[in-house]
Amino acid sequence: MSSSPPGAGPAVLVTGGSSGLGAAVVAAVAGSGGRPLVLDRRRPGDGVPWVECDLADTRAAEEATRELAERVGGLDAVVTAAGMDVPGRLADVPRDTWERIVVVDLLATVAVIRAALPYLEESRGNVVTVASTLGVKAVGDATAYCAAKFGVVGFTRSLAAELAGSVGVTLVIPGGMRTAFFDDRDPQYRPGPDAKLNDPADTAAAIMFALSQPPGCAVRELVVCAEQETSYP
């Protein structure tokens, strides 16, 4: 993962790094001696360098990515962990909400990676995108989320072919995790008390495994979920 100067750990930009899986990745990067950087609407903990950014504004996401990269002297990796969902039937989800889900989950992923590419090509770095088991198996009342996450899968597979030999690309497909992701949902869309959910730290560890591979060795895809995950396979 690292082509950083001697004595400096690899610089890893994490979208959505203030909570949930993103925060777990930030902790894992820091714990391994790396330098996490965050794009989020909320301040991350422990003085982690960050830029406040609403990822629904893709132009701002690109500018914030370049700002962080220039601030720390380049990037070694990007992990696009930010995501959102508001479940509901297509006719019931407001248009602006539906479109925001697709922008945050898919188009912002593309925007951040596009802005980061010059730095990653220079460092021979890595990209890890975060899809979902609902990016490979569709369910009802999730049209926006499934559209976005299926898009992340297709985008990442194409990007891996495009960047082969210059930037490492890994697609991570996580199942449900014990995070605040479900907190604001209507009760019918929240996991039940007996739901089998993964610890986000375990998914973060899988991401770190992908990032730890030497140049030329690619971990292309990882599915990480609880053994009894209902949305996979």
query = Over region 126-186, what percent of the accessible surface lies on carbon and sulfur atoms, probe 1.4 Å?
reply = 53 percent
request  = Pop out the ³J(HN,Hα) list for region 191-196 in order, Karplus 6.51 cos²θ - 1.76 cosθ + 1.60 with θ = phi - 60°, rounded to Hz; leave Gly and Pro as x.
outcome  = x, x, x, 9, 4, 8
query = Using a Gaussian network for the chain with springs between C-alpha atoms less than 10 Å apart, which of these wobbles most: 61, 148, 30?
reply = 30
query = Where both residues lie in the chain, what percent of DSSP beta bridges are antiparallel, nearest 5?
reply = 0 percent
query = Based on the mean of other beta carbon atoms within 10 Å per residue, what is the order of 14-21, 81-88, most packed first?
reply = 14-21, 81-88
Distant-in-sequence amide H partners of residue 79 (H built 1.01 Å from N, under 5 Å) = 13, 14, 15, 128
inquiry  = Can you compute 3J(HN,Hα) from phi for each residue in region 73-78, using the Karplus curve 6.51 cos²θ - 1.76 cosθ + 1.60 with θ = phi - 60°, rounded to whole Hz and x for Gly and Pro?
reply    = x, x, 9, 9, 7, 10
ask   = According to a simple spin-label model (label point 7 Å from Cα along Cα-to-Cβ), what is the distance in nm between residue 97 and residue 114?
value = 2.8 nm
key: Surrounding net charge for residue 68, when Lys and Arg each add one and Asp and Glu each subtract one, Cβ distance under 12 Å   = -3
inquiry  = Helix 58-72 against the longest principal axis of the chain: what's the angle in degrees, Cα atoms only, rounded to the nearest 10?
reply    = 30 degrees
remark   = Diffing region 95-107: the Karplus 3J(HN,Hα) column from phi (6.51, -1.76, 1.60, θ = phi - 60°), in whole Hz with x for Gly and Pro, holds 3, 4, 5, 4, 6, 5, 4, 5, 5, 5, 7, 10, 5
ask   = Once you sort the root eigenvalues of the Cα gyration tensor of region 1-78 as a ≥ b ≥ c, which label holds: rounded (a/c under 1.5), prolate (a/b larger than b/c) or oblate (the other case)?
value = oblate
request  = Quick one: which residues, 5+ away or cross-chain, put their amide H under 5 Å from the amide H of residue 177? H built at 1.01 Å from N.
outcome  = 198
query = Taking 0.36 nm per intervening residue step and subtracting the Cα-Cα distance, what contour gain separates residue 89 from residue 57 on full extension?
reply = 9.0 nm
query = Taking R0 as 35 Å, what's the FRET efficiency between residue 182 and residue 220 from their Cβ-Cβ distance, rounded to 0.05?
reply = 0.75
key: Positive-end residue of 166, 189, 24, charge dipole of the chain with Cβ unit charges   = 166
task = For region 93-208, report the accessible area per residue in Å² (1.4 Å probe, heavy atoms, rounded to an integer).
result = 44 Å²
task = Return the loop-located trypsin sites (Lys or Arg not before Pro) in region 32-114 (DSSP other than H, G, I, E, B) with at most 14 other Cβ atoms within 10 Å of their own Cβ; answer none if there are none.
result = 41, 42, 89
remark   = Note, residue 77: beta-carbon cut-off 12 Å, +1 each Lys/Arg, -1 each Asp/Glu, net +1
message = Run lengths n ≥ 4 of DSSP H only: what is the helix-derived mean residue ellipticity at 222 nm for the chain, with -39500 (n - 2.57) per run over all residues, to the nearest 500?
response = -11500 deg cm²/dmol
remark   = With all protein chains present, region 2-68 has a carbon and sulfur share of its accessible area (1.4 Å probe) in percent of 45 percent
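The values are calculated or read from the model by the stated rules, or taken from the named source; none is laboratory data. Worth saying up front: this structure is predicted, and the values here are computed from it rather than measured. A quick note on method: Cβ atoms are made from the backbone with ideal geometry, for glycine too, and the neighbour counts reach across all protein chains shown. When the accessible area is computed, the model is the full protein with side chains, heavy atoms only, and any ligands, DNA or RNA have been set aside. Shrake-Rupley method; radii C 1.70, N 1.55, O 1.52, S 1.80 Å.
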